[in-house]
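The structure appears right after this line, and notes come after that.
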Amino acid sequence: MKKNTKINLLLLLAVVALAVLPLALGLGDHKEEPFTGADGEAETAITEIEPDYQPWFSPLYEPPSGEIESALFSLQAALGAGVLAYYFGLRRGRRQGERQARERDAEESTAEGA
């Protein structure tokens, strides 16, 4: 097995462990909504420390439900992943094209020299 394949498998295993372990170990069972985002946790902590706290800004758009908010967040993540995948694919394609052009030029120069 190649070194890169081993590294990729270990990284995949780590990602799966990070996703499954909190569920398997029951982390967050003591909470009413165990897997809310960091924003909700921060809001709870701030209101406990300073009950009269008033936010500086209000959201531009407040989704009507948590499901729609999750869907918009997922859409944002998917678009970001798509942009990154496009960028990395474009870079790889350009590198491969440059390598093929160098190999072709090297073959042509050896054929002309013979």
When the residues of the stretch 21-30 are narrowed to those that are open to solvent by 80 Å² or more (accessible area, probe 1.4 Å) and part of a helix (DSSP H, G or I), which ends up modelled with the highest pLDDT? L21
Criterion first (at pLDDT below 90 and either assigned to a helix (DSSP H, G or I) or surrounded by 11 or more Cβ atoms within 10 Å (Cβ to Cβ) (or both)) does G82 satisfy it? no
If you go through F73, F57, F88, the only one that is open to solvent by 100 Å² or more (accessible area, probe 1.4 Å) and outside any helix (DSSP H, G or I) is F57
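The values are calculated or read from the model by the stated rules, or taken from the named source; none is laboratory data. As the structure is a prediction and not an experimental result, all values here were calculated from the model. Virtual Cβ from ideal backbone geometry, glycine too; neighbours counted across all protein chains shown. Keep in mind that these areas ignore ligands, DNA and RNA; they rest on the heavy atoms of the full protein, side chains included. Shrake-Rupley method; radii C 1.70, N 1.55, O 1.52, S 1.80 Å.
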